[in-house]
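Some notes on the structure that comes next.
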Amino acid sequence: MRTDLLDYELPERLIARHPPEERSAAAMLVVGAGLVHTRVRELARLLEPGALLVVNDTRVMPARLYGRKASGGRVELLLVRLVEERGPMKAHWSAMVRSGKALRESMEIIVDETLSARIVRGRDEAGLATVALESRGRTVAEAIARAGKMPLPPYLRREAEPADVERYQTVFARVLGAVAAPTAGLHFDQELLGAIAARGVELATVTLHVGPGTFQPVSVDDLDEHRMHAEEFAISESTAKMIAQARARGASVVAVGTTVVRALESSHDPERAGHVRPTERAETR
C-alpha cells in the first residue's frame with residue numbers, strides 16, 4: 001500500500017493536548033450497519049454476555065531523560081530496553097538519542113547530580129544506540145524514576161506534566177517496560193470495568209511493551225518498506241486457557257487496541273485456529 005493513499009487533513013483544533021477529566025468520557029465510533037458516535041462508557045452494553053475482553057497490562061516507564069554533554073550541548077535519551085545490569089548502580093540500555101551533533105562513542109552525558117550516561121555503541125540499523133547509565137547514591141532504577149519524564153507522543157506537542165504520571169497509564173498497568181501507553185486502554189476506568197463485569201464479560205491480560213516504533217515516522221512511499229521495531233510481549237497460560245474456553249463456548253474474544261492484537265497474532269497456534277500459545281518472553285513478528 002502506498003502512503004499517499006492514506007493522506008488526509010487533521011486540523012490542529014481536533015488534536016486533544018490533554019485527556020478528558022473522565023477517562024470513559026472519550027469519544028467512540030461504533031462501526032456496524034452504519035456509523036454511530038458515542039462514548040467509551042457505553043462499551044459495556046455493546047459487549048455480549050460471556051465475551052472475553054483482553055487488555056494490555058504494560059506499564060510506561062519514565063523513559064525520557066534530558067541531559068547535557070561536557071560542552072554544554074543538550075541531549076535527549078529515550079530509553080527503550082534494558083540490555084544488561086552491571087550491579088545496582090550500573091546498567092546498559094538501548095536508547096534513541098537526539099543530539100545537535102553526531103554521536104561518538106564514549107561521549108559523556110550528565111543527566112543530573114545522581115545519573116550520568118556514556119555512549120557505548122553508536123546507532124544500529126534500527127536507529128538505537130547503546131548507553132551505559134551510572135548512578136550515585138541510589139540505584140539506576142531509582143535514578144531513572146527520579147529524573148525521567150513520561151514519553152508523551154510527539155503529536156501532543158507539549159512537555160510531560162505532573163498529572164501525566166497517572167493519566168498516561170492505564171488503570172490495569174502492572175508490568176513496567178513500555179515507552180508509550182497502549183492508548184486504547186487509557187479510556188477505561190474502574191466504573192467501566194465494573195459495568196463490563198456486571199455484563200458477564202470476563203477480563204484477561206497480555207503484556208506487550210510498546211516500543212519506539214510508535215514514535216517512528218513513516219518516510220517511505222510503500223508501507224511494505226517501512227521497518228518496524230520488534231516489541232517484547234508475554235501471554236500467560238491463564239490467558240491462553242481463557243481464550244480457549246471462550247472459543248469452546250462460542251464467545252467473542254475482544255482485543256482492546258492494536259497492541260493486544262499484535263501480541264495475539266504473534267502467538268497464534270498454527271494447529272488450532274483462533275487459539276494462542278502461552279509465551280513467556282518473545283518479540284512481535
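The values are calculated or read from the model by the stated rules, or taken from the named source; none is laboratory data. Worth saying up front: this structure is predicted, and the values here are computed from it rather than measured. Cβ placement follows ideal geometry from the backbone for every residue including glycine, while neighbour counts extend to all protein chains displayed. Just so you know, the surface numbers come from the protein's heavy atoms only, side chains and all, with ligands and any DNA or RNA stripped out. Shrake-Rupley method; radii C 1.70, N 1.55, O 1.52, S 1.80 Å.
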Would you be so kind as to identify which of TYR168, GLN216, ALA251 lies farthest towards the positive end of the dipole of region 153-285, taking Lys and Arg as +1 and Asp and Glu as -1 on Cβ and the Cα centre as origin?
ALA251
Which listed residue (THR130, VAL179, GLY274) has the Cα farthest towards the positive end of the charge dipole for the chain, taking +1 on Lys and Arg C-beta and -1 on Asp and Glu C-beta about the Cα centre?
THR130
Toy charge model, Lys and Arg Cβ at +1, Asp and Glu Cβ at -1: region 57-97 dipole around Cα centroid in debye, rounded to 20, equals 220 debye
Let me know the charge dipole size of the chain about its Cα centre in debye, to the nearest 20, where only the beta-carbon of Lys, Arg (+1) and Asp, Glu (-1) is charged.
640 debye
Computed on Cα atoms, the radius of gyration and Dmax of region 56-200 in angstrom are 17.1, 61
Putting +1 on Lys and Arg Cβ atoms and -1 on Asp and Glu Cβ atoms, find which of VAL140, PRO153, ILE119 reaches farthest to the positive end of the dipole of region 98-161.
PRO153
Reduced to Cα centres, the span from region 1-78 to region 182-205 in Å works out to 16 Å
Measure of exposure for TYR66: accessible area at 1.4 Å probe, Å² rounded to 10, is 60 Å²
Which lysines does LYS101 reach when only Cα atoms under 17 Å apart count, and residues fewer than 8 places away in its own chain are ignored?
LYS69
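Classify region 118-212 as rounded, prolate or oblate, taking a ≥ b ≥ c as the square roots of the eigenvalues of its Cα gyration tensor: rounded when a/c is under 1.5, otherwise prolate if a/b is larger than b/c and oblate if not.
Verdict is prolate for region 118-212.
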With Cα coordinates, the longest principal axis of the chain makes an angle with the long axis of helix 237-248, in degrees rounded to 10, of 30 degrees
Among 146-159, 52-65, how do they line up by average Cβ neighbours within 10 Å per residue, starting with the highest?
52-65, 146-159
What's the magnitude of the charge dipole for region 243-285 around its Cα centre, counting Lys and Arg as +1 and Asp and Glu as -1 at the beta-carbon? Answer in Debye, nearest 20.
100 debye
Note on region 150-273: alpha-carbon gyration tensor, axes a ≥ b ≥ c; rule is a/c under 1.5 for rounded, else prolate if a/b larger than b/c, else oblate; result oblate
